[in-house]
Amino acid sequence: MSSLNDFFEKVISVKVPEDYSYIDILDQTLLPGTIKRIELRTREEIWEAIKRLQVRGAPAIGVCAAYGLALLASYIKEETYDAFYKAFITEKEYLASSRPTAVNLFWALNRIDATAQANKDKPVEEIKQILFREADAIREEDVQISRNIGEIGFELLKDLKKPGKEIGILTHCNAGTLATAKYGTATAPMYMALEHGWAPEDMHVYCDETRPLLQGARLTSFELYNSGIPTTVQCDNMASILLKSGKIDIIFVGCDRVAENGDAANKIGTSGLAILAHHYGVPMYICAPSSTIDMATPTGEEIPIEMRDHDEVTAMWYKERMAPEGVDVFNPAFDVADHRLLTGIITEKGLCTAPYGDAFRALGIH
Ligand code: MRU
């Protein structure tokens with residue numbers, strides 16, 4: 001287990017030094033070939049790192065944004081609370097404009113904002129320190145949240161275990177260590193299984209490569225391969241034949257925003273996977289911290305879907321362009337899995353099934 005922990009330590013996506021003078025992120029655009037950390041200091045560097053997916057995955061974006069806002073607040077020179085808060089809100093709005101879909105970004109920024117407001121009677125210099133501690137809390141809580149999600153997912157894996165047979169698991173994109181503070185969400189059940197003494201060979205995880213930015217091939221398979229869990233990469237359009245083959249017992253995916261009715265926005269391709277899973281009768285679970293559940297968004301229709309650069313599809317990963325220069329490209333970064341296709345949504349507070357709005361409220365998620 002210590003080697004797994006060493007690995008987690010090596011690939012932790014967001015850290016800060018003791019004096020909080022910068023944000024230390026693992027540049028996820030360079031993986032799996034290069035493990036390189038970079039230091040973010042300016043507002044532009046933080047914004048770009050989120051926008052360019054150097055730091056990515058809903059909870060990790062939230063942690064980075066929380067430290068980012070605390071860091072930018074620490075630069076504000078104003079001495080009165082009102083003047084400080086005015087400058088603070090400008091920085092908050094700037095960071096909030098980096099990506100539109102993952103609600104954890106706004107959730108984390110709002111939490112830092114609420115902390116500033118709750119301490120408005122204290123000296124500005126003290127508020128600045130309190131904001132860093134709130135960002136620490138967001139990061140530390142995420143580790144426990146992932147563990148809870150993992151324990152609930154592990155119970156589902158236990159129900160599927162048959163002597164001498166590996167459990168076939170499919171995942172999409174990267175909702176792993178790199179996307180969170182430690183265990184991931186969709187990967188947490190597997191990591192918890194290892195902590196509970198299962199052999200890595202008890203499971204076999206298929207990773208959709210996840211076009212166009214290849215988070216499954218570059219990141220999830222990298223994580224699972226390094227943790228010793230048998231892992232197979234497949235192109236996204238191979239999920240259908242795999243599900244038909246009967247090799248997959250369960251699907252775990254992460255999520256960027258869950259609407260009140262349980263519609264779940266996740267990396268592009270998740271909706272198609274949910275349709276296939278439903279067709280072939282394979283249970284599919286969304287793994288989501290409660291901070292990803294947006295009760296103010298009634299259905300998936302209202303979730304903003306990020307559209308990204310054409311080059312991500314046509315050029316970025318190829319030695320030569322693979323589509324004509326100037327051709328039109330459709331590149332939505334996310335889609336919405338219809339709640340009727342899902343078996344359940346695993347939060348750190350419990351497993352939710354339809355009707356989802358009632359299930360969320362019953363767990364105190366409002
Ligand atoms: O565009 P990305 O790589 O940030 O998209 C990430 C995903 O879609 C993840 O599945 C989601 O953020 C959950 S991470 C625990």
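Every number in this text was worked out from the coordinates using simple rules, so none of it is lab data. Quick caveat: nothing in here was measured; it's all calculated off a predicted structure. So basically every Cβ, Gly included, is an ideal-geometry build from the backbone, and we count neighbours across all protein chains shown.
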Straight-line reach check, Lys92, cutoff 24 Å on alpha carbons, 8 or more apart in-chain or any other chain, hits among lysines -> Lys15, Lys51, Lys77, Lys120, Lys122, Lys128
Note on region 1-151: alpha-carbon gyration tensor, axes a ≥ b ≥ c; rule is a/c under 1.5 for rounded, else prolate if a/b larger than b/c, else oblate; result prolate
In this structure, the FRET efficiency calculated for Glu44 and Met316 from their beta-carbon separation, with R0 = 35 Å, to the nearest 0.05, is 0.95
In nm, the gap between the two label points placed 7 Å beyond Cα toward Cβ at Ser97 and Gln117 is 2.2 nm
Of 264-275, 186-197, ordering from highest average Cβ density within 10 Å down gives 264-275, 186-197
Dividing the mean separation of Cα pairs under 8 Å (6+ apart) by the residue count of region 232-278 yields a relative contact order in percent of 35 percent
Ordering 235-248, 43-56 by per-residue average of other C-beta atoms within 10 angstrom, highest first, gives 43-56, 235-248
Per GNM of the chain with C-alpha springs under 10 angstrom, the most fluctuating residue out of Thr232, Thr171, Thr34 is Thr34
So the FRET efficiency between Glu201 and Thr34, C-beta based with R0 = 35 Å and rounded to 0.05, is 0.75
Taking a ≥ b ≥ c as the square roots of the Cα gyration tensor eigenvalues, with a/c under 1.5 meaning rounded and otherwise prolate when a/b beats b/c or oblate if not, region 214-350 comes out oblate
So for R0 = 30 Å, FRET eff. of Glu125-Met295 from the Cβ-Cβ r, to 0.05, ends up at 0.25
Using alpha-carbon positions, the gyration tensor of the chain gives root eigenvalues a ≥ b ≥ c; with a/c under 1.5 called rounded, otherwise prolate if a/b exceeds b/c, else oblate, the class is prolate
Length-normalised contact order of the chain, Cα under 8 Å, at least 6 apart, in percent, tallies to 15 percent
Of 133-141, 148-156, ordering from highest average Cβ density within 10 Å down gives 148-156, 133-141
GNM on the chain, Cα springs under 10 Å; top mean-square fluctuation among Ala199, Ala70, Ala58 goes to Ala199
Only helices counted: for the chain, with every DSSP H run of 4 or more residues adding -39500 (n - 2.57) and the sum spread over all residues, [θ] at 222 nm is -12500 deg cm²/dmol
